[in-house]
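Have a look at the structure below before the remarks.
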Amino acid sequence: MKLQEALRVHRGVTAVVGSGGKTTLLRELSRELIDDGSTVVLATSTRILPFDDVATVSGTDEEAVAASLAKHGVACVGEPAEKGKLAAPAMGFGRLAALADYVLVEADGSKRLPLKAHAAWEPVVPQEAKRAILVVGASGFGGRVASAVHRPELFCELAGCAQADAATPELIARIIAAEALADTVVVNQAETPGALAAASRLAARLTEPVFAGSLRGHELQRA
């Protein structure tokens, strides 16, 4: 099953939040959509590094965005920020959605950790977003909260645990349910029977559809 079909990604703006594979999901989903003949804008509402294989275009230059979409089918749109990163596009996500078939927005940060709890101002989901997809990194399952989770103190506050405790699927599901940030959950990095079983334990405690597998290989299955 294609990522677009599994995750029910429709034309317009889609936000990707969470940890453990947001950038990979944007990259792989954009490639799939382009192969199907669609045009895609990759962007952020926070900060991201530019995509190595995608032309970066300023969000102040509508003609340049349109030209990149016409030539390549894709454009990474944003404004220069600190440490070589990109910030949110100046022209806004609604205007970008008028230029491209799909606008995929990385709307969260996680300090490269597989799991995350969110502060009150996070994630930064654009108001134009039709869907929000939450990514969870299976490599964090069973790891200590203190080392596997971005904002472990908030995680423990919501989950009722200690930072020395293991981040079990049950505790992670408690956080996801309490935060209620997304329509669909993707457990990435689930490439072993044990990780897939853990993803099933997570899914059993959530009402949102949960998919698990490897985003790099497009090998997602319903958990």
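The values are calculated or read from the model by the stated rules, or taken from the named source; none is laboratory data. Model, not experiment: these values are computed from the prediction. Positions of Cβ are generated from backbone atoms using ideal geometry, with glycine treated the same way; all protein chains shown enter the neighbour counts. Accessible surface areas use protein heavy atoms only, side chains included; no ligands, DNA or RNA. Shrake-Rupley method; radii C 1.70, N 1.55, O 1.52, S 1.80 Å.
Within the stretch 113-223, antiparallel bridges make up roughly 35 percent of the DSSP beta bridges whose residues both belong there. Computed over all pairs of different Cα atoms, the Kirkwood value for the hydrodynamic radius of the stretch 151-211 is 12.1 Å. Taking a span of 18 Å or more along the helix axis (Cα atoms) and a mean Kyte-Doolittle hydropathy of at least -0.5 as the rule, the DSSP H helices of the chain that qualify are 22-35.
Placing a label point 7 Å from the Cα of ARG95 along the Cα-to-Cβ direction, no residue of the stretch 110-131 has its backbone N under 14 Å from that point. Between the amide H of LEU49 and those of LEU86, distances stay under 5 Å, these residues lying 5 or more places away or on another chain, with hydrogens modeled in the peptide plane. For the chain, the 222 nm mean residue ellipticity estimated from helices alone, with every DSSP H stretch of n ≥ 4 adding -39500 (n - 2.57) and the total spread over all residues, rounds to -9000 deg cm²/dmol.
Can you give the Rg to Rh ratio of the stretch 72-148, both from alpha-carbon atoms, with Rh computed by the Kirkwood formula? Looking at the stretch 72-148, the ratio lands at 1.02. Restricting attention to the chain, close to 20% of DSSP beta bridges with both partner residues there are antiparallel. Scaled against 2.2 N^0.38 Å for its residue count N, the alpha carbon radius of gyration of the stretch 89-193 is 1.19.
Applying 0.36 nm per residue to the separation of LYS130 and ALA164 and subtracting their alpha-carbon distance, the gain on full extension is 8.5 nm.
Kirkwood radius, the chain, all distinct C-alpha pairs, inverse of mean reciprocal distance: 17.5 Å.
Expressed as a fraction of 2.2 N^0.38 Å, the C-alpha radius of gyration for the stretch 1-87 is 1.07. Average accessible surface for the stretch 45-127: 49 Å² per residue, computed with a 1.4 Å probe over protein heavy atoms with every protein chain in place.
The smallest convex shape that holds all Cα atoms of the stretch 43-96, its convex hull, gives 63 Å³ per residue.
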